[in-house]
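Please find one structure pasted underneath; my questions will follow.
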Amino acid sequence: MAVRCKETGLVMAKGTSEAAEGAPRRGRPRSIETANAILESAYALMAATGLAATTIDAVARHSNVSKMTIYKWWSSREALLIDAFLHHAAQMLPLPPVSAGTAAARARGHAAAYAEALQGEFGKVQLAVISECISKTGSAELFYARYLQFRRGTLVEMIAAGQRDGSILAEAPPEDLYDAIYGSLFYRYIFGIAPITPAYARHLVDLVLRPKA
């Protein structure tokens, strides 16, 4: 049975989560340390050598973990690559906390960080992982289920909360507003439509969400 971490959205084996809950408070449980080593190795290999070279064998060698252990937690190479990307994204692009201000302010900050990340290694790895999912399974459903669904849902709820408290004046469904922002940024990235800058992302958020002045 798999469980999803509320902070990152990462889907992990139930035993891994249980180990974290029942472990002593000094240090992290070995299963979590091992899982992190696998995920960090997979992302490092994707960034350095590309997806084709990021095989289970390569990840096992790089992380010094057995293939059997990797397959115990990930049923396929594609699932591992997506979770490695998610693990990195959770650190590089954390979901905005309530303490970061109004819903619009948090949306501006997150969209700006995403726009900046797209210009570097992060953007290339994201596009490569999506392409890999489509080529192997015929759709991006696995990427959506393991990565995008959780993060999209969290940000959609943030926008909905802004609509409820009156800080966001746009009346369209929050799902459509989210897609208008992040879909536009990704579209511009894929087709090389410049500029994709943090300033542009913040302007786009204000244009779509119409925050209360």
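Pull up the stretch 139-189, narrow it to residues that are among the hydrophobic types (A, V, I, L, M, F, W, C) and touching a Phe, Trp or Tyr at 6+ places or on another chain (Cβ under 8 Å), then point me to the one that is surrounded by the most Cβ atoms within 10 Å (Cβ to Cβ). Walk me through it before giving the result.
Filtering the stretch 139-189 down to residues among the hydrophobic types (A, V, I, L, M, F, W, C) leaves 140, 142-143, 145, 148, 150, 155-156, 158-161, 168-170, 172, 177, 180-181, 185-186.
If we keep only those that are touching a Phe, Trp or Tyr at 6+ places or on another chain (Cβ under 8 Å) as well, we get 155-156, 159, 185.
On the way: L155: 23, V156: 17, I159: 26, L185: 19.
The qualifying residue surrounded by the most Cβ atoms within 10 Å (Cβ to Cβ) is I159.
Please tell me if S99 is surrounded by fewer than 14 Cβ atoms within 10 Å (Cβ to Cβ), among the polar types (S, T, N, Q) and within 30 Å of L169 (Cα to Cα). Reasoning before the result, please.
Values: surrounded by fewer than 14 Cβ atoms within 10 Å (Cβ to Cβ): yes; among the polar types (S, T, N, Q): yes; within 30 Å of L169 (Cα to Cα): yes.
Yes: the conditions hold for S99.
Evaluate the stretch 31-42: report whether one residue or more is loosely packed, with under 14 Cβ neighbours inside 10 Å, farther than 30 Å from P198 by Cβ, charged (D, E, K, R) and at pLDDT below 95. Don't jump to the end; show me each part of the working.
Taking the stretch 31-42 and keeping what is loosely packed, with under 14 Cβ neighbours inside 10 Å, we get 33, 36.
Still in the list and also farther than 30 Å from P198 by Cβ: 33.
After this cut, where a residue has to be charged (D, E, K, R) as well, the list is 33.
Of the ones still in play, those that are also at pLDDT below 95 are 33.
So far as the stretch 31-42 goes, yes, one or more of its residues are loosely packed, with under 14 Cβ neighbours inside 10 Å, farther than 30 Å from P198 by Cβ, charged (D, E, K, R) and at pLDDT below 95.
The values are calculated or read from the model by the stated rules, or taken from the named source; none is laboratory data. Predicted model, so just to flag it, every value in this text is computed and none were measured. Neighbour counts are summed over all protein chains in view; Cβ atoms, including those assigned to glycine, are modelled from backbone coordinates with ideal geometry.
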